[in-house]
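The values are calculated or read from the model by the stated rules, or taken from the named source; none is laboratory data. What you are looking at is a predicted structure, and each value in this text was computed from that prediction instead of being measured. Heads up, the Cβs are rebuilt from the backbone with ideal geometry, glycines too, and the neighbour counts pull from every protein chain shown.
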């Protein structure tokens, strides 16, 4: 089924208000979920809303809590998320980073004690919409084995880098595993192999069989040892900058994955916007003109999200019927 | 053969002075090469010195040029490298980023018109030695096909992230390809397969055969589509922030790979250093305690570099005999 933005947003506001969210916070939180759904990232849109509500019920998310500024030095600040809703906290912190950037050229916020920010790309689009280069990342619980290990001890920490561009921002939104558990399940249900190896069997053999990876809990970090190392430094930087909790101390129970640490950086583009835009368009055109195998095509990061957004604005936003029935019943 | 730091450094200073380097610049440039060799990164230490000298001879590197501040706003600055030696330029710019960070909490420099910085990790260690978190990256010429393409149109742009730590800094130094061309050649010469797939055959099949990848010029970006996307945003950010040249306009002739664009970020750690150190040590201990397959072990990023450094300080620095003879003859 496809629904309008307005229909989805109104329904989410209703549920959030009923749960006790203040009017403006219900509105903003619903906006972040609805925009994520509209952008085609269903896993972190409505499909995630039920878990979000469950974590409020369990007391992991405090719907009234707002982030508090703990310490600052010039353009760097440390904030405590006080276990507020992860998406509202993250949005407020990227907003703060852009404020700092407007005063200092660039700004950075380390945020501790927050909750899952849902779609990380949201805060990249946010920075770019305001004209800033955005860089942000979060840690997670332990869900990926470090290179050389057989047990999950590092996080699938997403890294987002965005660059403002008139014809469509460039937005990288990249987790550290080659395939998420959600993606593995989706391939398995379709009965197809992964397009490239995505993890290990219980015997430590590289495999493209999604079920074997689900069984071993050993998905592959991107670039093997490289993605493993990147995950480690992102966790360290986020927990050190925020004086917060690192991955190894975050509960492995998905419903108790809380006290996360995150970083938000916003950077003023010193180059004249028109010149920067010309340069970016030239890079994009060069990529688009790449020779490729039949049926393949080169995209710039963010291109397909923007295309999906336009499609969903025109045709309505796809919603899983069961998910929608569940939300209507909340 | 193994040589002392002093022997190598003295010899490099002699060659650089003979080429016309001013005394202090010869000393500093020799230091950067010798330290890289001492850290075991031979490909960007002495093994690269000949090409560095050749590019001076060809006029790509101007040994007298120093970077010039073009524009600044608060903690962000744009500099022109004026085609000076890439390692001296990069060192000066990370130094400038840490100065900005000492005033503003964090600092960032976009550098254009520079040359190959040799080992990127150098500038990560540099920031960490001064007590700052360092992030830097460079673009390169076109040496990697973007995801979906059959022709090299993006760069193998290394990304460095470092975190200061008392018992050994954490330093990620990661290029975008799974294996460099240097690594491919080294596996081929040994007659062994790559440990994991590293690129494509001419027929577009994933392969672990190094020679097949050298023939196709299609090494694999880390994480397939993800590393490709990361390479693209790093090139865009570096060229936009510095108003410099992007990858697609940089010469594909290795001896004319010049006019590079780079970014340098230094961040003040707001958390008390002792507390931050305790947290980092805890993360490292947790990684080291990972269960693993026999003969495997988990390292934190930078751990093996530090171990190699200690070994080479104790036993002398390994130098390829032919390389040393060539340098002696310069």
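Applying a threshold of 9 Å to beta carbon distances and a minimum spacing of six or more residues, or different chains, the list of pairs starting in the stretch A:197-215 at a residue that is under 15 Å from residue A:181 (Cα atoms) and ending at one that is modelled with pLDDT under 90 and part of a strand (DSSP E or B) reads A:197/A:206; A:197/B:206; A:198/A:206; A:199/A:206; A:200/A:206. Which residues, counting only those in the stretch A:163-195, are in contact with a helix residue (DSSP H, G or I) (Cβ under 9 Å, 6 or more places away or on another chain), assigned to a loop (DSSP other than H, G, I, E, B) and more than 24 Å from residue A:221 (Cβ to Cβ)? Residues satisfying the conditions are A:164, A:165, A:166, A:167, A:168, A:169. Residues in the stretch B:251-279 that are touching a strand residue (DSSP E or B) at 6+ places or on another chain (Cβ under 7 Å) and on the phi < 0 side of the Ramachandran plot: B:260, B:261, B:262, B:263, B:264, B:265, B:266, B:267, B:268, B:269, B:270. Only residues that are surrounded by fewer than 18 Cβ atoms within 10 Å (Cβ to Cβ) and under 12 Å from residue A:88 (Cα atoms) were counted across the stretch A:1-21, and they come to 0. For the stretch A:285-330, the set of residues classified as more than 9 Å from every other protein chain (Cβ to nearest Cβ), part of a helix (DSSP H, G or I) and in contact with a strand residue (DSSP E or B) (Cβ under 9 Å, 6 or more places away or on another chain) consists of A:303, A:305, A:306, A:312, A:315, A:324, listed by residue number. Just checking, does the stretch A:298-317 include any residue being under 18 Å from residue B:110 (Cβ atoms) and in contact (Cβ under 8 Å) with a residue 24 or more places away in the chain? No, the conditions are met nowhere in the stretch A:298-317. Looking across the stretch A:86-97, the residues that are in contact with a strand residue (DSSP E or B) (Cβ under 6 Å, 6 or more places away or on another chain) and either buried (at least 23 other Cβ atoms within 10 Å of the Cβ) or free of Cβ contacts under 8 Å to residues at least 24 places away in the same chain (or both) come down to A:86, A:89, A:93, A:94, A:97.
Of B:110, B:168, all but one fail to be surrounded by fewer than 24 Cβ atoms within 10 Å (Cβ to Cβ), farther than 30 Å from residue B:215 by Cβ and touching a residue at least 24 places away in the same chain (Cβ under 8 Å); the exception is B:168.
Name every residue in the stretch A:199-248 that is closer than 17 Å to residue A:116 by Cα, surrounded by fewer than 24 Cβ atoms within 10 Å (Cβ to Cβ) and more than 8 Å from every other protein chain (Cβ to nearest Cβ), in order of residue number. Within the stretch A:199-248, just A:245 meets the criteria. The set of residues in the stretch B:1-36 that are part of a loop (DSSP other than H, G, I, E, B) and over 27 Å from residue B:59 (Cβ atoms) comprises B:1, B:4. Applying the condition of being facing another protein chain (nearest Cβ under 7 Å) and not in a loop (DSSP other than H, G, I, E, B) to the stretch A:256-281 and asking which residue is farthest from the chain's Cα centre (by Cα) yields A:275.
Residue check: residue A:151 meets all listed conditions (1) under 19 Å from residue A:250 (Cα atoms); (2) assigned to a strand (DSSP E or B) but one, namely (2). Screening A:261, A:252 for residues that are at pLDDT below 95, in the same structural domain as residue A:157 (by TED's automatic domain parsing) and over 30 Å from residue B:203 (Cα atoms) leaves exactly one candidate, A:252. Inspection of the stretch A:241-250 identifies at least one residue that is touching a helix residue (DSSP H, G or I) at 6+ places or on another chain (Cβ under 8 Å), in contact (Cβ under 8 Å) with a residue 12 or more places away in the chain, within 25 Å of residue B:162 (Cβ to Cβ) and part of a helix (DSSP H, G or I). When the residues of the stretch A:204-215 are filtered to those that are closer than 20 Å to residue A:153 by Cβ and at pLDDT below 90, the one that is nearest to the chain's Cα centre (by Cα) is A:206. Scan the stretch B:126-148 residue by residue and report those that are at the interface with chain A (Cβ under 8 Å from one of its Cβ atoms) and either under 30 Å from residue B:271 (Cα atoms) or surrounded by fewer than 22 Cβ atoms within 10 Å (Cβ to Cβ) (or both). Within the stretch B:126-148, B:133, B:148 meet the criteria. Does the stretch A:46-57 contain any residue that is modelled with pLDDT of 95 or more, in a loop (DSSP other than H, G, I, E, B) and on the phi < 0 side of the Ramachandran plot? No, the stretch A:46-57 contains no residue that is modelled with pLDDT of 95 or more, in a loop (DSSP other than H, G, I, E, B) and on the phi < 0 side of the Ramachandran plot.
Please determine whether any residue of the stretch A:221-232 is farther than 20 Å from residue A:161 by Cβ and not in a strand (DSSP E or B). Yes: one or more hits.
The one condition from (1) under 20 Å from the mean Cα position of the chain (by Cα); (2) more than 30 Å from residue A:106 (Cα to Cα); (3) buried (at least 17 other Cβ atoms within 10 Å of the Cβ) that residue B:51 does not meet is (3).
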